[in-house]
Amino acid sequence: MGVVIPSYTEPTSLIKVESFVRVLLQCCLLWLGCWLASAQAVTLQPGMPAQLDTREFQYWIEDQPLTPQALQAKGDTLAWQTVHAPSINLRLQPSPVWIRFPVHNRTATTADWQLLIPWIMLSRVEVHVLRSNGQWDAPLLSGYEVPPSQRAEDYRLYLFPLQFEPDEQATVFIRAKTRTIFFLPLLMMQEEAFEHFDEQTNISYGVGFGILLAMMLYNLSLYVFIRERAYLLYSFYVASIILYELALTGFGQRYLWGDWGWLRANSYSLFAELSFLMAVLFGREFLQLRRYGGWYLQLNNFMAVYWMIAVVANIAGWYWIIIYTVNPMALISCVIGVATTVALWRKGNRSARYFTVAWFFVIGSTFVVVLMMQGIIPFSVMTENMQMTGFCIELLLLSFALAERINRERERRERAQQESLAIMQQLDQERGEKLAAQSRALEIQQRHTEELELRVLDRTAELERTMKNLELANRELAKLSVTDPLTKLHNRRYFDETLQAELSRAVRTGQPLALILVDIDHFKAINDTYGHLVGDECLKLVASTLRQVVHRSADLVARYGGEEFAVVLPGIAPDDATEMANRLRQAIERVQFIHGGKRISLSASLGVAARLPTTYDTPNRLITAADEALYRAKEAGRNRVMLAQWNEAG
């Protein structure tokens, strides 16, 4: 999120950064020595750096209204101070500030120069030029409180055209006023250099706004078609960032709200607060905080209510509500956002992983902007565009993560529906067969009731044999209902029942219980390269290999889903379970999988969760621990075994 600097209070979220900057500057000044009391002239010549180094400029904080002539007449009797940074930053400064610096035109011709102040939060700026003959030029005005028709140049930022004769020496006085931090970067360029600079910045901003607008419209269209609320909130979030960047760069003031004085003065803080609100609401939906509840949802609700109040207060002009809270809450929001995503990441929330990475891009780019505003690094097109670049990267990552999460949820629902449909079909088939068998038995019984007692006894025996056969058929059907048709292993349903039963037995008897999750490495690549039929043969070979290694009657080998298998080992300690997992991994690695005359290498990553369970343990906790260990095995390079690390507090 952007740096929030309301128009009515000091940015307290930057106090620590400013303290660090002040100490760093003092250390640098130890070897630089003392500065000269009087400023040296800015030498104007072709090819000079665009940004003016203000470290020898002088400033005076206005304590009494003075005209430029009176200011010059008083001279050094006023408390002029020397600037000690490449950019002028005086923190929160409610009083107007005068800046003066001499200029010497070393060119042989009359030169037209453009003085540019690329900071939009200046309410009023006056530029006065004192010529060497003692004459003053007409003052040049700009600032968001100055109507565009009265400004020196009709430009998105504050631009002042200056002209100097050959070898002329002059003094430039700048009077600037702001209700936020006093940040005054100064750029001076000849006309051609300024046109090139303007073209370069417009292209970079055009690309940035184009990316943001494209993502907003694309995700808004997705919401229209699939009605997934996360896409709508994402579009609102992108829109708020676009408005914030329009306000920060001056494009909004130049092309959108124009002479609307209230929005010129408040657009920056208003849209920054709105972007925080949209980020909070989108994060709630994207991370599915309602499902987790607890402090995650409570803190999110608190931040959403606060930013709603901040937006309303800004619009209504109730500055007393937010005067001391906006900047601290901006910092707190960032900290809460990072803490929430990191905590959910550790809980296995895949969406939180993307959100954390995306958030750090925004925080990092904003930190670079803060360093630029503090004068630690110079102002340039790259540093000026750094925050928009961070926003673009963040939103691209979030867009990718949103699509991945939606696809994952859809696939999970479809898979659950297919499994439910298959179970219902099997139940209907079993019910039909039972009814048919009962009907045949009744017909046989009615047809032979009138026969001789011997035939009745004979038919009764035949009926008993039929019932036994029916029972065997029912048993076979029950076996098929818990068997995976491809690998002939037990399916997920039977695995869930067995794991629950073994966990209860382990708690009762005080025996350890182990669970191994097996995931075939690069299985998707096998499917994509050789086709799904070869992938099916691969699954069969791996299933057969697992059955050969796991041979105890109490053990269970089941297909967990896709390319994943699960092994339940009652009475196995962690060390023995890890050894068994390594045996399984080595057996899979030795599989001779031949296709088209070539051997396809197979390997697997295994996650082991083994312990002496307690009454607080659940199947889900055991599965989650094994899954996290499996994930660490993949992260560590695949084809390896990782033992779960238990968090007793969780």
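For segment 491-561, the carbon plus sulfur part of the accessible surface works out to 51%, probe radius 1.4 Å. In this rough spin-label picture, where each label sits 7 Å from Cα along the Cβ direction, the Asp496-Asp63 distance is 7.8 nm. For Arg55, the residues 5 or more places off, or on other chains, whose built amide H falls under 5 Å of its own are Ala85. Note on Ser553: accessible area approximately 120 square angstrom, rounded to 10, probe 1.4 Å, nucleic acids and ligands left out. Heavy atoms of the protein chains alone define the surface here; on that basis segment 545-650 has 51 Å² accessible area per residue at 1.4 Å probe size. Which lysines have a Cα lying under 28 Å from the Cα of Lys468, excluding residues fewer than 8 positions away in the same chain? Those lysines meeting the cut-off are Lys434, Lys479, Lys488. The local environment of Ala108, defined by Cβ-Cβ distances under 11 Å, has a net charge of -1 under the rule Lys, Arg +1 and Asp, Glu -1. In the full protein context, segment 99-226 carries 41 Å² of accessible surface per residue, based on a 1.4 Å probe and ignoring ligands, DNA and RNA. Converting phi to 3J(HN,Hα) with the Karplus coefficients 6.51, -1.76 and 1.60 and the offset θ = phi - 60°, segment 250-266 yields x, 5, x, 5, 6, 10, 10, 8, x, 7, 5, x, 4, 6, 4, 7, 10 Hz in sequence order, with x at every glycine or proline. The simple Förster model, with R0 at 22 Å and r as the Cβ-Cβ distance, assigns Ala554 and Asp575 a FRET efficiency of 0.75. The portion of the accessible surface of segment 44-191 made up by carbon and sulfur, rounded to a whole percent, is 47 (1.4 Å probe; DNA, RNA and ligands excluded). Once all protein chains are placed together, Val368 keeps about 40 Å² accessible to a 1.4 angstrom probe. With a Förster radius of 30 Å applied to the C-beta separation of Gln298 and Arg410, the computed FRET efficiency comes to 0.50. Here r is the Cβ-Cβ distance between Ser481 and Ala343 and R0 is 56 Å; the resulting FRET efficiency, rounded to 0.05, is 0.90. Annotation: amide H of Ala514 within the under-5 Å range of Leu569, Gly571, Ile572, sequence separation 5 or more or interchain, hydrogens built in the peptide plane. In a fully extended conformation the segment linking Lys74 and Asn582 would gain 174.2 nm over its present Cα-Cα distance, using 0.36 nm per residue.
Annotation: amide H-H contacts under 5 Å for Asp112 (H modelled 1.01 Å from N, sequence separation of 5 or more, or interchain): Glu191. Which net charge results when you count Lys and Arg as +1 and Asp and Glu as -1 among the other residues whose beta-carbon is under 15 Å from that of Met278? Value of the local net charge: -2. Summing +1 for each Lys or Arg and -1 for each Asp or Glu among the other residues whose beta-carbon sits under 13 angstrom from that of Glu419 gives +2. Taking the average, over residues, of other Cβ atoms within 10 Å as the packing measure, peptides 344-355, 73-84, 389-400 rank 389-400, 344-355, 73-84 from highest down. Only lysines eight or more places from Lys634 in sequence, or on another chain, were considered; those with a Cα closer than 25 Å are Lys347, Lys524, Lys540. Computed with a 1.4 Å probe over protein heavy atoms only, the accessible area of Met386 comes to about 50 Å².
Give the residues of segment 554-583 whose amide nitrogen is closer than 14 Å to a point set 7 Å from the Cα of Leu612 in the direction of its Cβ. It comes to 571-575, nothing else.
Classify segment 57-98 from the C-alpha gyration tensor, please: rounded if a/c falls under 1.5, else prolate or oblate depending on whether a/b exceeds b/c. Verdict is oblate for segment 57-98. Summarising the label geometry, the points placed 7 Å from Cα in the beta-carbon direction at Gln200 and Ile309 lie 4.6 nm from one another.
Each of Ala230, Phe197, Pro185 was scored by the projection of its Cα onto the charge dipole of segment 174-248, and the greatest displacement toward the positive side belongs to Ala230; charges sit on the C-beta of Lys, Arg, Asp and Glu.
With 0.36 nm allotted per residue and the present C-alpha distance subtracted, the Phe360-Phe400 stretch has 12.8 nm of extension available.
From the Cα gyration tensor of segment 200-355, with a ≥ b ≥ c the square roots of its eigenvalues, which class applies: rounded if a/c is under 1.5, or else prolate if a/b is larger than b/c, or else oblate? Oblate is the answer for segment 200-355, as a/c is 1.5 or above yet b/c matches or exceeds a/b.
The values are calculated or read from the model by the stated rules, or taken from the named source; none is laboratory data. Everything numeric in this text was worked out from a predicted model, so none of it was measured. Glycine also receives a Cβ, built like all others from the backbone with ideal geometry; neighbour counts cover every protein chain displayed. These accessible areas exclude ligands, DNA and RNA; they are computed on the full protein's heavy atoms, side chains included. Shrake-Rupley method; radii C 1.70, N 1.55, O 1.52, S 1.80 Å.
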